[in-house]
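In what follows, a single structure is set out as structure tokens and then discussed.
Every number in this text was worked out from the coordinates using simple rules, so none of it is lab data. Since the model is a prediction, treat every value here as computed from it, not as a measurement. Note that each Cβ is placed from the backbone with ideal geometry, even for glycine, and that neighbours are counted across all protein chains shown.
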Amino acid sequence: MSLQAYTPQHLLYCYRKEYDEEKLRHTAEEKPFNCIVCYRSFIRPSHLKRHMVTHTGEKPITCNECHKTFSRNTHLKRHMEIHKGKKPHSCKYCTKSFIRASSLDIHLRIHTGDKPYSCNVCQRSFTQSSHFKVHMKTHTGEKPFTCNECQRTFSRDTHLKRHMEIHTGKKPHSCKYCTKSFIRASCLDKHLRIHTGDKPYSCNVCERSFTQSSHIKLHMLTHTGEKPFSCNVCERSFTQSSRFKGHMITHTGEKPYSCNVCKRSFSDSFDLKVHMKIHTGEKPYSCNVCERSFIRSFHLKRHMRIHRVEKP
């Protein structure tokens, strides 16, 4: 039969059939293009090339309006909607509105409490798939983003960007109460609460207040009893991944954090930070009654008992 004998519908059917068979063949066969960083595999080299940008941090696509850069054209197109200023999707619970319906759907979960993404290791749940993916790296230990200056690695590219500011040495945001200065204004805002006593985050169970949202999240675990980080050696559990990592070192005896002044070593980076205040003389926690200052917050709390007037 000649090609002319086929109808357009017949030719379209043959094309679709051939396309479906080709698609199935690719699905069934191996993915020959492998990432040398995280070992993910891809069917096409173009897919691998697009994936590699997540490791290199390359963002060759630039917004002409604000000069923000992106790794994909689709990300730039989505970003351009910000400059149009229209936010047609409004939340029925609060005054927030959004450019995209998908963003509104994610936001609504804050009000409804819906957390559809669950970790099968520690049973924690999340409102967004991106948060879930980042969380899973706490179990796998994956940190694909590397600092070229000090070789430190990070699980998120945003964490790497924030870290890179350390190497510039610039701290333009200064505290008006003490000599401390900060890289970011948000860090200064948090620090100022130490001096002002402002604690905007309150627990609805015991009415304790906190200076930072991260502190109240950790505090809430004391009410729920949740300890998602478990030691596989002694079966102890922890509310914080940092405490869990510090605990694991007690089994190895390793003390990787050393003081460059007196050469004392510590198993926990937090203990080193507290220790360094001995050398710097820094005492950020001040009593608003007698103006005494302390290295640690709990030292201040203990001191405040002196001023407390007990009723008979």
- Task: Determine the gain in length on full extension of the stretch LYS190-ARG296; use 0.36 nm per residue of separation and subtract their C-alpha separation, reporting nm with one decimal.
- Result: 36.5 nm
- Task: Grab the beta carbon distance between SER181 and HIS279, set R0 = 25 Å, and tell me the FRET efficiency rounded to 0.05.
- Result: 0.85
- Message: Give me the Å³ per residue figure for the convex hull around the C-alpha atoms of the chain.
- Response: 271 Å³
- Query: Amide H to amide H, which residues 5 or more places from TYR201 or on other chains are under 5 Å from it, using H placed in the peptide plane?
  - Reply: PHE210
- What is the calculated FRET efficiency for ASN120 to LYS96, with r their C-beta to C-beta distance and R₀ = 25 Å, to the nearest 0.05? 0.20
- Work out the FRET efficiency for ARG308 and SER103 from their Cβ-Cβ distance, taking R0 = 45 Å, and round it to the nearest 0.05. 0.40
- Query: Ranked highest first by average number of other Cβ atoms within 10 Å, how do 152-165, 52-65 line up?
  - Reply: 152-165, 52-65
- Item | Distant-in-sequence amide H partners of ARG152 (H built 1.01 Å from N, under 5 Å) | CYS147
- Query: Leaving out same-chain residues fewer than 8 places away, which lysines sit with a Cα under 25 Å from that of LYS176?
  - Reply: LYS190, LYS199, LYS273, LYS277, LYS283, LYS301
- Measure off 7 Å from each Cα along the Cα-to-Cβ vector at THR168 and THR62, then give the distance between these two points in nanometres to one decimal. 1.7 nm
- Query: With charges set only on the Cβ (+1 for Lys and Arg, -1 for Asp and Glu), what does the dipole of the chain come to about its Cα centre, in debye to the nearest 20?
  - Reply: 1080 debye
- Task: Would you mind computing, in nm to one decimal, how far apart the modelled labels at ASN232 and ILE43 are, each placed 7 Å from Cα along Cα→Cβ?
- Result: 3.5 nm
